Amino acid sequence: MSSSTEQHLPIGVDSPWLAPLAGYSDLAFRLLCREQGAAVACTEMVSAKGLAYRSPGTAPLLETCPQDSPLVVQLFGAEEEFLVRGVAELSGRGFAWFDLNAGCPVPKVVKTGAGAGMIRTVEDRANLAAITRAMVREAGEGRVGVKFRMGFHAADDTAVETALLLQDAGAAWLTIHPRYARQGYAGVSRWEVTRKVVESVSIPVIASGDLFSAEDAHRCVAETGVSGVMFARGALRDPLVFAKYLGRMNEEPDRNALAALVRRHAELCRTYGDQHRSLLKMRTFVPRYVKNLEDASNLRKRLIACKTWSCIEEVAAAIDGSAPVKTAGEPSDQKE
């Protein structure tokens, strides 16, 4: 994890971040993306109340290791008491960096006043600023950022207002997803709003939203002037996006490279993750990695039926041509 003695996070156009991805940005996936060039990674969003009440689902979200650094813990909640308690406890455990989620549009989160519910009204935004200020007091200057949306619903463009409030509250960086909360992930990100935020504040602004490829990210930097980029769905579709963005890969990966990616992700999952949950996740990750292959449909069918790690290896072998893909139900699907 990040040492409490570190003073600065790498924020720059040459330091791409991995976004907090609920259900996906676990330790294994974070390490996979770091190996491809992610300079900073965020945890899945962690409930401040869940942390306080020792919810059984919270501990796995905070699993880390020395290679998983620098790491930003993303917290969500709408009550200052719990957010401050969360920062205090996690700081005591060695976590150094925190992000406050003010952008999640999921209804069950919003209805509690958390996530994008924190930007819904003037009162909500005032509460967001107060909580940010309190988190900064607890964590220390330079250690708290906020991820937010440009407004709650159509024609409610509060991005600049929110950004200025958060800067005044002591946020060290801002991450903006320029969609309205009511949009979810529909429509397109309005990068011109991101540019307005960049022009309105003096602290670093990180771009999020519709960065599906390295080319998207480079174009976003050029059009908005942001300090850095954060890959979310782009990383889910292709963890190699970090290497591509940094110029470490000049060509699309061949089948050998894709097979190596699958094997490495599986190795990290088996080393750091819960075996059952990790295997189920691989069945959702790998189809994205191979979607452009001519036999992607057959590979996807095989993956859906995978019940063992040896089956994942067989899929990797089918990708690089070292073995044909088997049909579902063959002997390798027996329990390991």
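The values are calculated or read from the model by the stated rules, or taken from the named source; none is laboratory data. These numbers were taken from a predicted model, which means no experiment stands behind them. No Cβ is skipped: glycine too gets one built from the backbone with ideal geometry, and neighbour counts run over all protein chains shown. Calculation scope for accessible area: heavy atoms of the full protein, side chains included, ligands and nucleic acids excluded. Shrake-Rupley method; radii C 1.70, N 1.55, O 1.52, S 1.80 Å.
Things worth noting here:
Results for (1) of a type in the set (F, W, Y); (2) under 30 Å from V13 (Cα atoms); (3) modelled with pLDDT of 95 or more, shown as yes or no for each residue.
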position	(1), (2), (3)
I206	no, yes, yes
F212	yes, yes, yes
E223	no, yes, yes
F231	yes, yes, yes
G247	no, yes, yes
E251	no, yes, no
H276	no, no, no
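- Restricted to helices (runs of 4 or more DSSP H) entirely inside segment 1-112, those with at least 1 residues that are within 29 Å of D157 (Cα to Cα) are 48-52, 80-92, 107-110.
- Selection count where residues are open to solvent by 50 Å² or more (accessible area, probe 1.4 Å), under 25 Å from T308 (Cα atoms) and within 19 Å of the chain's Cα centre (by Cα), scope segment 239-266: 0
- Contact annotation: residue pairs with Cβ atoms under 6 Å, 6 or more positions apart or on different chains, pairing a residue in segment 89-110 that is more than 19 Å from S208 (Cα to Cα) and open to solvent by less than 40 Å² (accessible area, probe 1.4 Å) with a partner that is of a type outside the set (D, E, K, R) and part of a loop (DSSP other than H, G, I, E, B), are G94/M1; F95/M1; A96/S2; A96/S4.
- Looking across segment 163-182, the residues that are over 26 Å from E141 (Cβ atoms), under 19 Å from the mean Cα position of the chain (by Cα) and either of a type outside the set (A, V, I, L, M) or open to solvent by 20 Å² or more (accessible area, probe 1.4 Å) (or both) come down to P178, R179, Y180.
- Within segment 126-156, the residues that satisfy the criterion of being of a type outside the set (G, A, S), under 24 Å from the mean Cα position of the chain (by Cα) and not in a helix (DSSP H, G or I) are E141, R143, V144, V146, K147, F148, R149, M150, F152, H153.
- Members of segment 114-128 that are touching a helix residue (DSSP H, G or I) at 6+ places or on another chain (Cβ under 7 Å) and either modelled with pLDDT under 95 or buried (at least 22 other Cβ atoms within 10 Å of the Cβ) (or both): G115, A116, G117, M118, I119, L128
- Restricting segment 211-233 to residues that are of a type in the set (S, T, N, Q) and free of Cβ contacts under 8 Å to residues at least 60 places away in the same chain, the residue that is nearest to E252 (Cα to Cα): S213
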